[in-house]
Amino acid sequence: MEIFTLLETIEEMLENSKTIPFSAKSVVDKEEILEIIKEIRIKLPDELKQAKWVKEERQRILVEAQKEADDIVKEAENRIISMIDEHEITRKAYEQKAEIIETANEMSREISKGTKDYADNILQNIEDSLVNALQIIQNNRKELK
């Protein structure tokens, strides 16, 4: 927007202006500032019209997008309802469910068996160690007697 450029020009003029000693006041070229303000007044109505148009266009696009989204949702709901009504799809879903459950049960059995085998193996190793330790203790007791 050119208005912002003109405002920045005025700002720069004020920042770069000479200050009056012992005061916060500055000396600027009055004619130059007035000329820039005149340009701002001339450009302001056009930019306001353009901003209004952009705002209205944005609103129109949002309304159109919302309508399109609502249509898509409605169409998707209709498709879902028709798919649910189709017996073949429902039957296949039940078959898949049964297969998934059977696979999960089988995996559960395998995991349970593996866990039991592992625990049995560890207990067997402990038992073997204890039998060996008992044998050593018995031998030591015999040697003591």
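Quick notes
- Tabulated pairs, the range 35-62, first touching a residue at least 12 places away in the same chain (Cβ under 8 Å) and under 15 Å from THR9 (Cβ atoms), second surrounded by 11 or more Cβ atoms within 10 Å (Cβ to Cβ) and of a type outside the set (A, V, I, L, M), C-beta under 7 angstrom, 6+ apart or interchain: ILE36/THR9; LYS43/GLU2
- Qualifying residue in the range 48-63 (condition: loosely packed, with under 10 Cβ neighbours inside 10 Å and in a helix (DSSP H, G or I)): no
- Scanning the range 57-95 for residues being modelled with pLDDT under 90 and of a type in the set (Val, Ile, Thr) gives a total of 5.
- Within the range 1-45, the residues that satisfy the criterion of being among the hydroxyl-bearing types (Ser, Thr, Tyr) and either within 44 Å of the chain's Cα centre (by Cα) or surrounded by 11 or more Cβ atoms within 10 Å (Cβ to Cβ) (or both) are THR5, THR9, SER17, SER26.
- Conditions (1) touching a strand residue (DSSP E or B) at 6+ places or on another chain (Cβ under 9 Å); (2) at pLDDT below 85: number failed by ASP46: (1)
The values are calculated or read from the model by the stated rules, or taken from the named source; none is laboratory data. Everything quoted here is computed from the prediction, not taken from an experiment. Quick reminder, even Gly has a Cβ in these numbers, built from the backbone with ideal geometry, and neighbours come from all protein chains shown.
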